[in-house]
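The values are calculated or read from the model by the stated rules, or taken from the named source; none is laboratory data. Quick caveat: nothing in here was measured; it's all calculated off a predicted structure. Positions of Cβ are backbone-derived with ideal geometry, glycine not excepted, and every protein chain shown enters the neighbour counts. Accessible surface areas use protein heavy atoms only, side chains included; no ligands, DNA or RNA. Shrake-Rupley method; radii C 1.70, N 1.55, O 1.52, S 1.80 Å.
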Amino acid sequence: MRKISEGAEAVIYAARMLGRNVIVKERVAKGYRIKELDEQLRRQRTKTEAKIQSTLYEKGVRVPGVILVGKYFVVMERVQGKTLNRMAGVGKAHDRRSMGMAMAEAGRVLGTIHRLGVSHGDFTTANIMQDRSGRLWVIDFGLAAFTNSEEEMALDVLLMKRSVDSGMYERFIKSYKLGFGGKASAVLGRLGEIEKRGRYQTRTLDSA
Amino acid sequence: MATVGIESSAHTFGVGVVEDGRVLANVKSMYRISDRGLIPMKVADFHQKHAGAVIRRALKEAGVERVEAVGYTMGPGLGPCLRVGQLSAIVLSRITGAPLYPVNHAAAHVEITRHIYGLRDPLVLYVSGGNSQILGLEDKPQKHYHVYGETFDVGVGNMLDSFARAAKLKPAWGSSVARLAEGGRYIAMPYTVKGMDFTFTGLLTNAMKLLKSGEKRDVAFSLQETAFSMLCEATERALLLTGKREVIASGGVAQSRRLRDMLGVMAKSHGRKFYVAPDEFNSDNGAMIALVAEKMHTAVGMKPKIKGSDYGIKQRYRIEDFMIRWG
Ligand SMILES: Nc1ncnc2c1ncn2[C@@H]1O[C@H](COP(=O)(O)OP(=O)(O)OP(=O)(O)O)[C@@H](O)[C@H]1O
Ligand SMILES: [Mg+2]
């Protein structure tokens, strides 16, 4: 087993299991919070992640298949690729075309996930991977939930809205509507309300 | 040559004097919050009454002869309170002939911390009464503090104050909650983090409900642990995403020893350094306004081209709308 990444919550190891390339995502103890809270969060998120990821996998959404679940770790298929926020030259002109295509695909996938009654909870470019053949994989379901709440879904859209510029967001939202179908407009209406709540005004990368 | 800064966004009327980045005076007069909280007009009256004396005392303490520039808090804050500071600053500027600079309150808290420790590009947890944000400098389109994440509803300070009032404690920026929390035991509470954003109302509602049945001390303890853990987690995620090398906390709630400990442990676990300014600069103060006004005054292209109509107040002044035109 080889450590390949250290996220905010988890340490990721690469391994081989039953002839397949897998990763082990282990939620490590956080010394800054009290033990009871720490263990409760790690247990609950590990369980949530495995459960929701498996459900989505069975329904045909492109997420890494879950192979094994422990108290604080999940073993899942390894995606051979990079997260979108780490793609070479993000934001540079010659990459905008491929980024635009990725955004359109990301919108469609989020729409599908929402249609299936799941919110992601941290839907940013850091939690979408692109493999070598250009396909997108959504990862990191620890903050996800089974829900039909328009608010939760609107927050997923809002997180993405804030992490890309307005052109990219437009492409994202167009295919989000296609992926979700009819109910997308209710979510987008809710998004408008959240933004109007006053305290919260949307910041995009192109607003000063 | 000295720059004077006037702060009056909430319950403190503060006047600071700064010269070449050194704080020569930092005088405050504070309105004591009553059990009913903060009534803006009353606080403004109080500020009005003390403004002249506080300004005179600060100038005397600093022992300066000439005022080079005057800064005041433009926002965010409570309208009537901001107004008193703004008008005092205009008068002072007229009397001394020194140019006037409107300053963003949140940016001033952060900038004084960055200045004290000489940091170029820290990740910031800004935690005050009405605000809770994770910030960092971004260059485009112009240098400003970008908000990576923030509360979707109330600020952590106001949340702790509301709880303190419900628990019949003295509302003093969460420090009375901290005292009550000592020796408490943990009860599970709603914990809501969305990536780098978070919400506090669910947590507060739950804590209020538990007050009726549970042990007060345990509720206070669990509320504080949960809220601070949420802030810490969101900050940690931003730290790893941005790759910044230092973490700072600023604003009123950054005076919490528990929150500082947590952030310190978190930063260290990733090999990053954590900094926090002395308490006098985390509670509201005029020195930070003076410091930023001095930087604006010195910065290229910031010679007072500002028109009279720009010397307003902005109750909802967002930090990303304030340009940082210096290093
Ligand atoms: N199935 C996978 N295949 C390959 N690499 C992965 C896979 N899952 C995660 N990774 C890598 O590990 C990194 C961290 O994973 P993940 O986002 O799941 O955890 P985390 O970042 O610690 O969680 P959080 O975002 O809540 O902090 C990813 O950015 C990615 O580079
Ligand atoms: Mg992640």
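Quick one: which of B:A227, B:A234, B:A238, B:A220 is open to solvent by less than 10 Å² (accessible area, probe 1.4 Å) and more than 24 Å from B:G149 (Cα to Cα)?
On inspection, the qualifying residue turns out to be B:A220.
Inspect segment A:125-134 for any residue being within 19 Å of B:D197 (Cα to Cα), of a type outside the set (V, I, T) and either crowded, with 20+ Cβ neighbours inside 10 Å or assigned by TED's automatic domain parsing to the domain that holds A:V69 (or both) and give the result as yes or no. Yes: one or more hits. Just one of the listed residues (A:D165, A:D140, A:D122, A:D156) is of a type in the set (D, E, K, R), farther than 30 Å from A:D38 by Cα and not assigned by TED's automatic domain parsing to the domain that holds A:L56, and it is A:D165.
Does A:M76 qualify as being surrounded by 21 or more Cβ atoms within 10 Å (Cβ to Cβ) and away from ligand 1 (no atom under 16 Å from the Cβ)?
On the way: surrounded by 21 or more Cβ atoms within 10 Å (Cβ to Cβ): yes; away from ligand 1 (no atom under 16 Å from the Cβ): no.
Against the criterion (surrounded by 21 or more Cβ atoms within 10 Å (Cβ to Cβ) and away from ligand 1 (no atom under 16 Å from the Cβ)), A:M76 does not qualify.
Among the residues of segment B:167-211, those that are within 14 Å of chain A (Cβ to nearest Cβ) and of a type in the set (S, T, Y) comprise B:Y186, B:Y191, B:T192, B:T199, B:T201. A:K59 meets each of the listed conditions (1) touching a helix residue (DSSP H, G or I) at 6+ places or on another chain (Cβ under 7 Å); (2) modelled with pLDDT of 95 or more apart from (1).
Within segment B:88-120, the residues that satisfy the criterion of being more than 16 Å from the chain's Cα centre (by Cα) and either buried (at least 24 other Cβ atoms within 10 Å of the Cβ) or assigned to a loop (DSSP other than H, G, I, E, B) (or both) are B:A89, B:G97, B:A98, B:P99, B:Y101, B:G118, B:L119, B:R120.
So which of A:L56, A:L37 ends up being surrounded by 14 or more Cβ atoms within 10 Å (Cβ to Cβ), within 14 Å of another protein chain (Cβ to nearest Cβ) and assigned to a helix (DSSP H, G or I)?
On the way: A:L56 fails: within 14 Å of another protein chain (Cβ to nearest Cβ).
A:L37 is the lone residue from the list that is surrounded by 14 or more Cβ atoms within 10 Å (Cβ to Cβ), within 14 Å of another protein chain (Cβ to nearest Cβ) and assigned to a helix (DSSP H, G or I).
Could you tell me which of the residues A:A208, A:A145, A:A186, A:A154 is surrounded by fewer than 19 Cβ atoms within 10 Å (Cβ to Cβ), farther than 22 Å from A:G65 by Cα, hydrophobic (A, V, I, L, M, F, W, C) and at pLDDT 95 or above? So that I can check it myself, show each step before the final result.
Values: A:A208 fails: at pLDDT 95 or above; A:A145 fails: farther than 22 Å from A:G65 by Cα; A:A154 fails: surrounded by fewer than 19 Cβ atoms within 10 Å (Cβ to Cβ).
Within the list A:A208, A:A145, A:A186, A:A154, the selection yields A:A186.
Determine whether B:K212 is more than 25 Å from B:T12 (Cα to Cα), without any contact (Cβ under 8 Å) to a residue 24 or more places away in the chain, in a helix (DSSP H, G or I) and open to solvent by 20 Å² or more (accessible area, probe 1.4 Å). Can you show your working first?
Details: more than 25 Å from B:T12 (Cα to Cα): yes; without any contact (Cβ under 8 Å) to a residue 24 or more places away in the chain: yes; in a helix (DSSP H, G or I): yes; open to solvent by 20 Å² or more (accessible area, probe 1.4 Å): yes.
In short, yes.
In segment B:213-246, of all residues being touching a Leu at 6+ places or on another chain (Cβ under 7 Å) and of a type in the set (S, T, Y), the one that is nearest to the other protein chains (Cβ to nearest Cβ) corresponds to B:S229. The residues of segment A:1-34 that are more than 14 Å from ligand 2 (Cβ to nearest atom) and open to solvent by 50 Å² or more (accessible area, probe 1.4 Å), listed by number, are A:M1, A:R2, A:K3, A:Y13, A:R16, A:M17, A:L18, A:G19, A:R20, A:N21, A:A29, A:G31.
May I ask you to verify whether A:T46 is within 14 Å of another protein chain (Cβ to nearest Cβ) and open to solvent by less than 20 Å² (accessible area, probe 1.4 Å)?
Working: within 14 Å of another protein chain (Cβ to nearest Cβ): no; open to solvent by less than 20 Å² (accessible area, probe 1.4 Å): yes.
Answer is no for this residue.
Matching residues to (1) within 16 Å of ligand 1 (Cβ to nearest atom); (2) not β-branched (V, I, T):
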position: A:R96; (1), (2): no, yes
position: A:H120; (1), (2): yes, yes
position: A:Q130; (1), (2): yes, yes
position: A:I139; (1), (2): yes, no
position: A:L143; (1), (2): yes, yes
position: A:F146; (1), (2): no, yes
